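Enquirer: Below is a structure I'd like to ask you about.
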Amino acid sequence: MRDQRSFGAGRALALGTAGLMLVCLMLVCGGVFCSAQKPAAVGKTSPDPRIAEATQQVSADRIRQTIEKLVSFHTRSTLSAQDEESIKAGKGIGAAREWIKAEFERYARECGGCLEVKTDSFEEQPAERIPKPTQITNVYAVLRGTDAQQAKRIALVTGHYDSRNSDNLNTTDAAPGANDDGSGTAVSLECARVLSRMKFPATIIFLTVAGEEQGLNGSKHFAQMAKGEGWNIEAVLNNDIVGGDRSPQQDASVVRVFSEGLPASAGEAEIRRIRALGGESDSTSRELARFVAEVGRSYDAGVKPLLIFRLDRYLRGGDHYSFNQQGFAAVRLTEYREDYNHQHQNVRTEGGIEYGDLPKFVDFDYVARVARLNAATLAALASAPGPPAKVRMLTKELQNGTTLTWESSPGAASYEVLWRATSAPDWEYVQTVSNATRATLKLSKDNVVFAVRAVDSAGHRSLPIVPEPER
Ligand SMILES: [Zn+2]
């Protein structure tokens, strides 16, 4: 399997079609020929020491405590109890919700009120997996950006705090959900605890949703609210089953990152455009996945992103899809190998096999490594300038060179043009463009995929934007 994986400097340095073209490449920037600036192979970027330091604050022990606490509520079925008495007794989804809220509030106190703790609560009407009207509550904390202009940009991390056992409608028997998705909930909480000690120009939201097992109800409501209110969510990291189940076949050195190809939100005209231009592997979610891969190369999280160019696993779905449907870039992080005996199962032993989603099957060090990767990605995005707007490729005439234009991005000190062979999974080459909003490359747009990203004076990179053709 390993040789097929798409990460690592080895792959980045491999010469593809674009590599051969590199030899004869020259660049014109801002109308001035810039022969001094040579393209480089995309590898890792130099990490921000402040971010690297923060990720080291992620604690496997804290994550263990969070997951054990979540399991202590006995069941977190969305259909389970949420009355006052059950909350007091510490049983059911209501108690879990209140505890998560209190935990966010504790982090908020520890950072002098830097986090706004909120809930998004609604009554879901009966459906296939919701027998009666049910209150569903998403709990989240907002670390507001410090820069007036950048604060509208949002990076978001989410996990679902509801759980289930063998029977999705069972509301009373144990549904520990340590891995699915106590692990993802713990990632959101731990990222909030660690990153709330820092300040970023852009905003970070730490979200935990309910209703996932009933049909992505919580995330759907949240994503629709965000779309309806015009939130500028640039990135959603959905952590679902990141517990690193301790089966012998597990590979604890990687975490899978799933991303959609054709956007769920694309209308017919956009699908036509994607088909015509070969844009099937350049959805904003895919660019986000590549961003996570670059963070994985640049920061020492201890786990490497394994990019899977697919929305999700077979027969399964997740909360990132709710965001995709509303047009947001969203990816799913999941452990390398799932053990289905430890998911959606009643806790029992049968034929010598232990079933159930119990904490003893979770590798807390692994969850911590995944949390570090998430924290570094969120911090890198929230530190970066916004991506350049209106990135265009001039296609008025048949030409062998390529001219790209874009609008300047607040906070950007320079820009980078990225490209790769059309058959390459990730960006291969990068060319710095000093503070200009136009670049002409002696490289045919027919043969490679281009993108442009903004870079600030400290070296933080925005998400890359693939140009739209302009006639
Ligand atoms: Zn799940």
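The values are calculated or read from the model by the stated rules, or taken from the named source; none is laboratory data. Note that the structure is predicted; figures quoted are calculated from it, not measured. Backbone-built Cβ (ideal geometry, glycine too); neighbour counts: all protein chains shown. Surface accessibility is based on the protein's heavy atoms, side chains included, excluding ligands, DNA and RNA. Shrake-Rupley method; radii C 1.70, N 1.55, O 1.52, S 1.80 Å.
Enquirer: Could you work out what % of the accessible surface of the stretch 201-354 is carbon and sulfur, using a 1.4 angstrom probe and leaving DNA, RNA and ligands out of the count?
Expert: For the stretch 201-354, the apolar C and S fraction of the accessible surface comes to 49 percent.
Enquirer: Something else now. log10 I(q)/I(0), Debye, Cα-only the chain, no solvent, q = 0.10, 0.12, 0.13 Å⁻¹?
Expert: -0.71, -1.00, -1.15
Enquirer: Of the beta bridges DSSP finds with both residues in the chain, what % are antiparallel, to the nearest 5?
Expert: 65
Enquirer: Pop out the ³J(HN,Hα) list for the stretch 39-56 in order, Karplus 6.51 cos²θ - 1.76 cosθ + 1.60 with θ = phi - 60°, rounded to Hz; leave Gly and Pro as x.
Expert: x, 10, 6, 6, x, 9, 9, 6, x, 6, x, 5, 5, 4, 5, 4, 5, 6
Enquirer: Roughly how far apart, in whole Å, are the Cα centres of the stretch 346-408 and the stretch 297-332?
Expert: 6
Enquirer: Can you give the accessible area of D120, probe radius 1.4 Å, in Å² rounded to 10?
Expert: Accessible surface of D120 is approximately 10 Å².
Enquirer: Moving on. I'd like the carbon and sulfur percentage of the solvent accessible area for the stretch 96-187, probe radius 1.4 Å, heavy atoms only, ligands and nucleic acids excluded.
Expert: 45
Enquirer: Which of the pairs K152/K390; K101/K152; K69/K101; K118/K220; K69/K360 have their Cα atoms more than 21 Å apart in this structure?
Expert: Check vs 21 Å cut-off fails for K101/K152.
Enquirer: Which chymotrypsin sites (Phe, Trp or Tyr not before Pro) does the stretch 248-332 hold that lie in a coil by DSSP with at most 12 other beta carbons within 10 Å?
Expert: Sparse-neighbourhood loop chymotrypsin sites (Phe, Trp or Tyr not before Pro): Y314.
Enquirer: Here's a follow-up. Mind checking the stretch 345-441 for GluC sites (Glu not before Pro) that DSSP puts in a loop (not H, G, I, E or B) and that have at most 11 other Cβ atoms within 10 Å?
Expert: In loop regions of the stretch 345-441 (DSSP not H, G, I, E or B), the sparsely surrounded GluC sites (Glu not before Pro) are E397.
Enquirer: What ³J(HN,Hα) values, in whole Hz, does the Karplus curve 6.51 cos²θ - 1.76 cosθ + 1.60 give for the stretch 248-258 when θ = phi - 60°, with x put for Gly and Pro?
Expert: Going residue by residue, I get x, 8, 5, 10, 7, 8, 10, 10, 6, 10, 8 Hz, with x marking Gly and Pro.
Enquirer: Can you check how the C-alpha radius of gyration of the stretch 138-217 compares to 2.2 N^0.38 Å, as a plain ratio?
Expert: Here the answer is 1.32, to two decimals.
Enquirer: Further question: Could you work out how far the C-alpha centroid of the stretch 455-471 sits from that of the stretch 87-129, in angstrom?
Expert: So the two Cα centres are separated by 37 Å.
Enquirer: Going by amide H atoms built from the backbone, whose H comes under 5 Å of the H on E124, apart from near neighbours?
Expert: Here the answer is T134, Q135, I136, since their amide H atoms fall under 5 Å of that of E124.
Enquirer: Could you tell me what % of all Cα pairs in the stretch 60-151 have separations over 21 Å?
Expert: The share of Cα pairs beyond 21 Å in the stretch 60-151 comes to 44 percent.
Enquirer: Can you give the three extents of the C-alpha atoms in the stretch 111-265 along their principal axes, from longest to shortest, in whole Å?
Expert: Projected onto the principal axes, the Cα atoms of the stretch 111-265 cover 48, 42, 39 Å.
Enquirer: Shifting gears a bit: Can you compute the charge dipole magnitude of the stretch 207-251 about its Cα centre, using +1 on each Lys and Arg Cβ and -1 on each Asp and Glu Cβ, nothing else charged? Give it in debye, rounded to the nearest 20.
Expert: 120
Enquirer: At 1.4 Å probe size, with every protein chain present, just tell me what the per residue accessible area of the chain comes to in Å².
Expert: Accessible surface, normalised per residue, equals 41 Å².
Enquirer: Still on this structure: Hey, got the dipole for the chain? About the Cα centre, +1 on K and R Cβ, -1 on D and E Cβ, debye to the nearest 20?
Expert: In total the dipole reaches around 1460 debye.
Enquirer: Which value in Å is the Kirkwood Rh of the stretch 199-280 over different Cα pairs?
Expert: One over the average 1/r among Cα pairs gives 16.4 Å for the stretch 199-280.
Enquirer: Okay, moving on. Which value results when the Cα radius of gyration for the stretch 243-319 is divided by 2.2 N^0.38 Å?
Expert: 1.32
Enquirer: Follow-up question, since we're still on this one. Tell me, Kirkwood radius of the stretch 393-471 from alpha-carbon pair distances, in Å?
Expert: This gives a value of 12.9 Å.
Enquirer: Ordered by packing density, taken as the mean number of other Cβ atoms within 10 Å over each peptide's residues, highest first, how do 210-218, 227-235 rank?
Expert: 210-218, 227-235
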